[in-house]
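Contents: one structure, followed by commentary.
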Amino acid sequence: MTTDDLIARLTGELKPVSRLAVFWRVVIGLGISLVVSSAMMYFWLGMRPDMMTATGTMMFWTKFAYTLILAVAGTWAVKRIAYPLGSIRVSLAVMAATIVVMIVLAMAKLAMTPPDQHMAMMTGHTIAVCTRNIVLLSLPLLVGAFWVLRGLAPTRLTVAGAAAGLAAGAIASLVYSFHCDESAMPFIAVWYTLGILIPGLIGAIAGRFVLRW
Amino acid sequence: MNPVETRLKELMLASLDGDARSYGILLNDLARHLRFYFLRRLSDAHKGDADDLVQETLMSLHTRRATYETDRPFTAWLHAIARYKLIDHFRRNRIRVTVPLDDAEDLFAVDQSDAAADRMDVERLLQSVPEKSRDLIYRTKIEGQSIAEVAQSTGLSEASVKVGIHRGIKAIAAKLKGRADDDR
């Protein structure tokens, strides 16, 4: 095909593009995979049984705020990196600051408790499954985030993959927090955070293969 | 602001609203810019890939045009895509790049559309000249070698180099005259 033919073809199939097209693609891609991930949590793990009383506790809302901020920052990162020349610096800074605050809070909590309880606060009763569950819940979201980016124009694929992974992990941790009844700050600071960073790593590694265009 | 940027951006904004005429003009313009851009960055062995890269870039521009943010420079956006395609091409073909990639901004830094068009005109004209003369003209007039250098490297006498060039230029002149007559 000659370049002239190509131009004729492309011109022929030109349609107006909405200024919000990228926004909607992010909403649709992550929205649908959020539904899948939530369904997975609901049918496979189940909601936490003490949901009603939990919403009255400070810890529920701390966990909620922590994962929500990371999820929003991650989603923003996916949107930003979808543009050529896009940068996720702002999102990364927000995420890093949020994690640092959480770690500081957790350490303060540890400092205020007698040392013999430290171990229990770190391991909770679900240490064996927490991070793994978040990573599993993040998989549909990772697929969704990859789908979003594959139709757009990220030019730095490893960074784009990392953004997709962090967003997927963060949203998954938000979903998981409706199942998990752990309430110790140090537990959240370590195992939730790990559950977000691992998908980020998976995304970064997969990015340059999956996201090529 | 850079006049090229202003012009291309206007065309792009109209294209995003669905104006096919502007889009056609834009793509034709960009095809020329891009060809020149890729040719300059591909080694001689890979120059043949330039047209493929131009087409791939135009196709990506088309399918991903929603990622153009209208409050940002159009040329920077297009350059990012072209550069991505070039790097992807190098990776796919395992080409080690020895030329700096990042004299980047000059995809549009100067208005090269005329320069590129001129270059194509020159090349087209040269095609119409017998091969021997074409080579001589190319070496002396475009690469800037001296008559003596060319004589030495081709094994011709200086006199026949001069004659060859003269014949070629006459052929080009005749061709140009013919074209001017056509235009009338």
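No value in this document is a laboratory result; all are computed from the given coordinates. All values derive from a computational prediction rather than experimental measurement. So basically every Cβ, Gly included, is an ideal-geometry build from the backbone, and we count neighbours across all protein chains shown.
Using Cα springs under 10 Å in a Gaussian network model of chain A, which residue among A:Gly165, A:Gly151, A:Gly203 shows the largest mean-square fluctuation?
Fluctuation is largest for A:Gly151.
Step through the table entries A:Lys15/B:Lys47; B:Lys47/B:Lys162; B:Lys47/B:Lys85; B:Lys47/B:Lys175; B:Lys47/B:Lys170, compare each Cα-Cα distance with 22 Å, and write down the pairs that go over it.
A:Lys15/B:Lys47; B:Lys47/B:Lys162; B:Lys47/B:Lys175; B:Lys47/B:Lys170
Return one quarter of the surface area of the convex hull spanned by the alpha-carbon atoms of segment A:105-204, equal to its mean projected area, in nm². Write down the numbers at each step before the final one.
Working: hull surface 26.9 nm².
That works out to 6.7 nm².
Order the peptides A:120-127, A:139-146 from the highest to the lowest mean number of other Cβ atoms within 10 Å of their residues.
Ranking, from highest mean packing down: A:139-146, A:120-127.
In peptide A:77-85, what is the residue-averaged number of other protein chain Cβ atoms found within 10 Å of each Cβ? Please list the in-between numbers first.
Values: counts 0, 0, 0, 0, 0, 3, 8, 15, 11.
Going residue by residue through A:77-85 and averaging, the value is 4.
Could you give the distance between the Cα centres of segment A:126-182 and segment B:150-165, to the whole Å?
Answer, in whole Å: 70.
Enter the per residue convex hull volume of the protein assembly as shown, computed from alpha-carbon coordinates, in Å³ rounded to the nearest integer.
Convex hull of Cα atoms, per residue: 193 Å³.
Using only the alpha-carbon atoms, what does chain A span along each of its principal axes? Please give whole angstrom values in decreasing order.
Each principal axis gives a Cα extent; for chain A these are 76, 32, 27 Å.
Sticking to Cα atoms, compute the Rg of segment A:1-86 to one decimal and its Dmax as the biggest Cα-Cα distance, whole number, in Å.
Rg then Dmax for segment A:1-86, in Å: 21.1, 68.
Considering only A:Pro16, A:Tyr42, A:Met107, whose Cα is most displaced toward the positive end of the charge dipole of segment A:1-138, charges sitting on Cβ of Lys, Arg (+1) and Asp, Glu (-1)?
A:Pro16
Taking the Cα centre of each part, how many Å lie between segment A:44-110 and segment B:1-32?
42 Å
Quick test of the membrane-span-like rule: which DSSP H helices of chain A reach at least 20 Å along their long axis (C-alpha atoms) with mean Kyte hydropathy at least -1.0?
On the way: long enough: A:21-40 (28 Å, 1.87); A:58-81 (34 Å, 0.99); A:89-112 (34 Å, 2.08); A:130-150 (30 Å, 1.43); A:157-176 (28 Å, 1.74); A:193-210 (25 Å, 1.76).
Correct list, ordered by number: A:21-40, A:58-81, A:89-112, A:130-150, A:157-176, A:193-210.
Cut-off is 10 Å between beta-carbons; in what order do A:Leu30, B:Leu39 appear when sorted fewest neighbours first? Mind showing how you got there, number by number?
Working: A:Leu30 25, B:Leu39 17.
Fewest to most other Cβ atoms nearby, the residues stand as B:Leu39, A:Leu30.
Using only atoms on other chains, find how many Cβ atoms lie within 10 Å of each Cβ of peptide B:28-36 and report the average. Intermediate results must be reported in sequence, preceding the final value.
Numbers: counts 4, 0, 1, 4, 1, 0, 1, 1, 0.
Mean number of neighbouring Cβ atoms from other chains: 1.
Size of the dipole of the protein assembly as shown about the Cα centre, Lys and Arg at +1 and Asp and Glu at -1 on the beta carbon, nothing else charged, in debye to 20?
Working: 45 positive and 37 negative charges, 79 e Å.
Using only the charged Cβ atoms, the result is roughly 380 debye.
Mind telling me which of A:Tyr176, A:Tyr66, A:Tyr42 comes out most flexible in a GNM of chain A, alpha-carbon contacts under 10 Å?
Evaluated over chain A, the most mobile residue of the options is A:Tyr42.
For peptide A:19-28, compute the average count of partner chain beta-carbon atoms within 10 Å of each residue's beta-carbon. Please report the intermediate quantities before stating the final value.
Numbers: counts 5, 1, 4, 5, 1, 1, 2, 0, 0, 0.
Shielding by partners across A:19-28 averages 2.
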